[in-house]
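The structure under discussion appears below in the form of structure tokens.
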Amino acid sequence: MSEDKSKSPLSRSEREAKIKDKAGWVITVLAALLAINTYIANSYSSKVLKNTISANNTWAFYQAKSIKQTLAEQSLDDALSRKDRAKVDRLEKKIARYETDPTTGEGKKELMAKARALEAERDAIAKRSPWLTFSGSAFQISIVLLTASILAVSMSLYWASIGVGVFAILLMTQGLWSWLSV
């Protein structure tokens, strides 16, 4: 008489082999996503730092232009009191160029716009960055749960790790595309 093996419970080693097969592939995918997540998070950190430095440099240039403009305005006052028309014309042009210089993009107006754009980009990236940090932690927890599911031969830990992994993917997409306005 032959036994029907499909109805008998699996042995521990058979269950362990089944979990190892499933968990191995999932660990590979989650580890790859963790690596991608880390790469993007590091890129965001670099952009935040780069934009902060660039904005600070642009604001410093703006301040230098403001100081030069103030000095030129003082010289203009002096030239007006001396009624030196040539010097007055030259200083008025210089002062106007300090205020705005679309040809070089180095007038105060252009520098202010550039600095504010750098700050806005930095702030947008900084707002998304924590989501990638949370996502990386969730990926790590999911991998730990998968490993524990193999050691404990536990399908409930396996499914819990899948749930945490899906949550990590959602956090990662929030960090990438800010689909949830917070």
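One residue stands out among those in region 4-21 that are more than 19 Å from LEU145 (Cβ to Cβ) and of a type in the set (Asp, Glu): the one that is modelled with the lowest pLDDT, which is ASP4. With respect to the conditions (1) out of contact with any helix residue (DSSP H, G or I) (no Cβ under 8 Å at 6 or more places or on another chain); (2) within 30 Å of THR133 (Cα to Cα), TYR44 falls short on a single one, namely (1).
Exactly one residue out of SER161, SER178 is more than 30 Å from TYR98 (Cα to Cα), surrounded by 15 or more Cβ atoms within 10 Å (Cβ to Cβ) and either of a type outside the set (Asp, Glu) or under 23 Å from the mean Cα position of the chain (by Cα) (or both), and it is SER161. Since THR28 meets every condition but one in (1) surrounded by 14 or more Cβ atoms within 10 Å (Cβ to Cβ); (2) at pLDDT 95 or above; (3) within 20 Å of MET155 (Cα to Cα); (4) not aromatic (Phe, Trp, Tyr), which condition does it not meet? Answer for THR28: the failing condition is (1).
When region 38-55 is filtered for residues that are of a type in the set (Ser, Thr, Tyr) and surrounded by fewer than 18 Cβ atoms within 10 Å (Cβ to Cβ), the ones remaining, listed by number, are THR38, TYR39, SER43, SER45, SER46, THR52, SER54.
Within region 99-107, identify whether any single residue is at positive phi, at pLDDT 95 or above and within 31 Å of the chain's Cα centre (by Cα), and answer yes or no. Checking region 99-107: at least one residue is at positive phi, at pLDDT 95 or above and within 31 Å of the chain's Cα centre (by Cα).
All told, ALA60 meets the bar of being among the small types (Gly, Ala, Ser), in a helix (DSSP H, G or I) and loosely packed, with under 15 Cβ neighbours inside 10 Å. The residues listed here are GLU121, GLU92; of these, the one that is under 30 Å from LEU180 (Cβ atoms), assigned to a helix (DSSP H, G or I) and out of contact with any Ser or Thr (no Cβ under 9 Å at 6 or more places or on another chain) is GLU121. Quick check on THR100: is it of a type outside the set (Asp, Glu) and either surrounded by 13 or more Cβ atoms within 10 Å (Cβ to Cβ) or touching a residue at least 24 places away in the same chain (Cβ under 8 Å) (or both)? Against the criterion (of a type outside the set (Asp, Glu) and either surrounded by 13 or more Cβ atoms within 10 Å (Cβ to Cβ) or touching a residue at least 24 places away in the same chain (Cβ under 8 Å) (or both)), THR100 qualifies.
Is region 33-50 home to any residue that is assigned to a helix (DSSP H, G or I), under 26 Å from GLU99 (Cβ atoms) and either of a type outside the set (A, V, I, L, M, F, W, C) or within 22 Å of the chain's Cα centre (by Cα) (or both)? The answer is no; no qualifying residue exists.
The values are calculated or read from the model by the stated rules, or taken from the named source; none is laboratory data. Quick caveat, the model's predicted, so the values are computed rather than measured. No Cβ is skipped: glycine too gets one built from the backbone with ideal geometry, and neighbour counts run over all protein chains shown.
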